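One structure is given here, and the rest of the page talks about it.
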Amino acid sequence: MEKSSGGEIESVVVKKPSGMLSRVGLQTYELSEIAASGADAEQIVLARYYQFPLKLAYAITIHKSQGMSIPQLICDIDRIFAKGQLYVALSRATSLAGLGVIYTRSEPLLRYLQRSASADEAVVKFYQENEFYKISDQKI
């Protein structure tokens with residue numbers, strides 16, 4: 001953080017995954033309306049707020065993460081509640097080295113995973129009823 005001589009924070013220094021440092025300054029945003037009177041118009045500021053335009057990414061839902069590839073992922077698996085949710089959560093990580101798991105329940109992890117990490121019956125049936133081939137094993 002960089003502060004003014006009066007002690008107010010003027011900018012925040014952010015370290016990107018590449019190691020590069022970026023300075024993000026305080027931005028002013030206004031909510032206003034236009035008041036017209038005859039041929040004259042005046043902009044009236046209704047509200048003004050100040051913030052650092054940073055996108056917080058410390059927490060997103062598993063549902064929201066679908067389709068993302070996340071190089072550095074820490075996944076809290078304490079409250080998995082839907083079929084396929086654990087797979088979706090963990091498969092967002094692009095590498096095992098970039099994956100961290102938070103588990104704080106008193107129940108042994110293996111028992112919790114066996115109980116909460118289940119596949120939908122329709123998915124199980126699909127895989128049981130179909131035959132799959134590895135492309136790398138096929139002669140082309």
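Within segment 88-101, the set of residues being assigned to a loop (DSSP other than H, G, I, E, B) and either under 16 Å from Leu113 (Cα atoms) or hydrophobic (A, V, I, L, M, F, W, C) (or both) comprises Ser91, Leu96, Ala97. Put simply, of Leu99, Leu86 the only residue that is surrounded by 10 or more Cβ atoms within 10 Å (Cβ to Cβ) and modelled with pLDDT of 90 or more is Leu99. Number of residues in segment 102-117 that are surrounded by 11 or more Cβ atoms within 10 Å (Cβ to Cβ) and of a type in the set (S, T, N, Q): the value is 1.
Tally up the residues in segment 68-109 that are under 26 Å from Pro17 (Cα atoms) and free of Cβ contacts under 8 Å to residues at least 12 places away in the same chain, please. So the count comes out to 3. Within segment 37-56, residues that are within 30 Å of Arg23 (Cα to Cα) reach partners that are in a strand (DSSP E or B) and of a type in the set (D, E, K, R) with beta carbons closer than 9 Å, at six or more positions or on different chains, in the pairs Val45/Glu30; Val45/Glu33; Leu46/Glu30; Leu46/Glu33; Ala47/Glu30; Arg48/Glu30; Tyr49/Glu30. Within segment 124-135, residues that are under 21 Å from Gly84 (Cα atoms) have Cβ atoms under 9 Å from residues that are aliphatic (A, V, I, L, M) in these pairs: Tyr127/Ala119, counting only partners at least 6 apart in sequence or on another chain. Of the strands (runs of 3 or more DSSP E) entirely within segment 1-87, those holding at least 3 residues that are closer than 25 Å to Arg115 by Cα occupy 73-76.
The values are calculated or read from the model by the stated rules, or taken from the named source; none is laboratory data. Keep in mind the model is a prediction, meaning the values are calculated, not measured. Note that each Cβ is placed from the backbone with ideal geometry, even for glycine, and that neighbours are counted across all protein chains shown.
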